[in-house]
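Okay, so here's the structure we're looking at.
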């Protein structure tokens with residue numbers, strides 16, 4: 001019970017540090033009700049069920065909190081980043097970018113259209129959110145989010161005005177959105193040495209050039225079909241470079257722990273002939289499936305001279321963490337269970353879901369490793385996750 005009490009105290013302290021971003025006392029009270037609802041055991045984290053969780057007869061107060069409440073959502077996100085850095089920050093931290101789909105019906109929710117969703121694995125009617133995560137030896141969490149606004153929306157001001165899209169917001173590619181979030185994180189002092197993301201971002205030369213100019217090291221996925229790279233002063237297709245890799249050059253290394261243990265792959269590094277700046281290198285990091293040698297993945301890398309292969313592999317492996325974090329946030333704190341159509345509603349719900357997820361991430365990093373003491377002569381208790389213990393403390397069920 002002492003541990004549960006500490007978690008309750010930490011949650012209250014988290015609400016208190018967010019308080020300056022809420023003008024009215026009732027807004028601060030609503031924050032606590034909303035986030036506690038996201039952490040609770042209701043099946044769907046929408047206005048109706050969050051209101052029922054809070055003991056309210058109608059969802060109107062919850063809905064108005066998202067639509068018209070007087071609070072600073074960007075301020076909440078800045079404070080969230082400070083909170084994560086305080087507990088999980090590390091000088092060797094890795095920033096991780098990715099997008100996820102939010103399946104929707106109809107055409108009125110901001111940013112919705114038929115577009116590819118990695119969540120569904122196909123083209124669906126959905127919104128796309130671009131997220132920035134953070135990974136260190138101390139833990140991981142989501143740091144930032146932006147809604148991708150397709151051209152069909154950005155070019156239609158009447159449609160944008162109907163859902164409250166600010167006039168200053170126009171079309172941006174997903175790599176440009178990620179770049180803006182990385183810039184925010186670094187300007188606010190988030191300690192990070194690397195960025196990793198998939199080929200949606202790695203194929204963008206503008207993002208790579210911006211990272212190299214800072215400089216910030218990266219390991220970014222890249223397409224191998226059409227990409228060309230400088231090898232021995234000539235630009236050659238990536239696929240051709242891979243075909244000529246020596247068989248004795250592969251090294252078997254783990255890209256980190258997966259749900260079934262270490263993720264083993266064979267790896268090679270191919271240094272590129274053009275060096276971007278003194279003391280830095282560009283290279284291709286090639287990953288080959290151990291059981292299916294034809295399954296090849298390639299990353300574009302930019303890193304300080306002398307960086308060992310094992311470090312590049314570690315950063316490449318960090319890319320999966322944001323997929324896990326987004327999946328956890330959807331399953332545990334209702335990241336995708338909102339029923340709002342407006343720009344403000346989307347940003348506010350997503351911010352509070354990220355806040356709830358960050359609380360769980362910090363709780364996990366600081367407390368989950370402890371085993372509950374076994375009764376004398378009885379079987380050892382299984383470790384209790386923060387989510388299960390937190391919900392149990394409040395009389396809530398947890399799947």
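Values as computed for the structure displayed
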{"item": "Subset of region 110-122 [over 19 Å from residue 178 (Cα atoms), at pLDDT 95 or above and assigned to a strand (DSSP E or B)]", "result": "113, 114"}
{"item": "Among the residues listed as 265, 303, the single one being closer than 21 Å to residue 214 by Cα and at pLDDT 95 or above", "result": "303"}
{"item": "Positions within region 148-175 being closer than 30 Å to residue 285 by Cα and buried (at least 16 other Cβ atoms within 10 Å of the Cβ), in sequence order", "result": "148, 172, 174, 175"}
{"item": "Complete set of residues in region 74-86 that are surrounded by 18 or more Cβ atoms within 10 Å (Cβ to Cβ) and within 16 Å of residue 351 (Cβ to Cβ)", "result": "76, 77, 79, 80, 81, 83, 84"}
{"item": "Looking only at region 204-220, and only at residues there that are farther than 14 Å from residue 99 by Cβ and either in a loop (DSSP other than H, G, I, E, B) or without any contact (Cβ under 8 Å) to a residue 12 or more places away in the chain (or both), the one that is nearest to the chain's Cα centre (by Cα)", "result": "216"}
{"item": "Residue 325 part of a helix (DSSP H, G or I), closer than 30 Å to residue 61 by Cβ and in the same structural domain as residue 214 (by TED's automatic domain parsing)", "result": "yes"}
{"item": "Tabulated pairs, region 234-249, first more than 12 Å from residue 285 (Cα to Cα) and in the same structural domain as residue 284 (by TED's automatic domain parsing), second surrounded by 15 or more Cβ atoms within 10 Å (Cβ to Cβ) and at pLDDT below 95, C-beta under 7 angstrom, 6+ apart or interchain", "result": "235/229; 236/229; 239/224"}
{"item": "Residues within region 331-350 that are in contact (Cβ under 8 Å) with a residue 24 or more places away in the chain, in a helix (DSSP H, G or I) and surrounded by fewer than 23 Cβ atoms within 10 Å (Cβ to Cβ), tallied", "result": "6"}
{"item": "Residue within region 167-190 that is within 15 Å of the chain's Cα centre (by Cα) and in a loop (DSSP other than H, G, I, E, B) present", "result": "yes"}
{"item": "Of all residues making up region 170-179, the number that are closer than 21 Å to residue 345 by Cα and free of Cβ contacts under 8 Å to residues at least 40 places away in the same chain", "result": "3"}
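The values are calculated or read from the model by the stated rules, or taken from the named source; none is laboratory data. Quick caveat, the model's predicted, so the values are computed rather than measured. We place every Cβ from the backbone using ideal geometry, glycine too, and count neighbours over all the protein chains shown.
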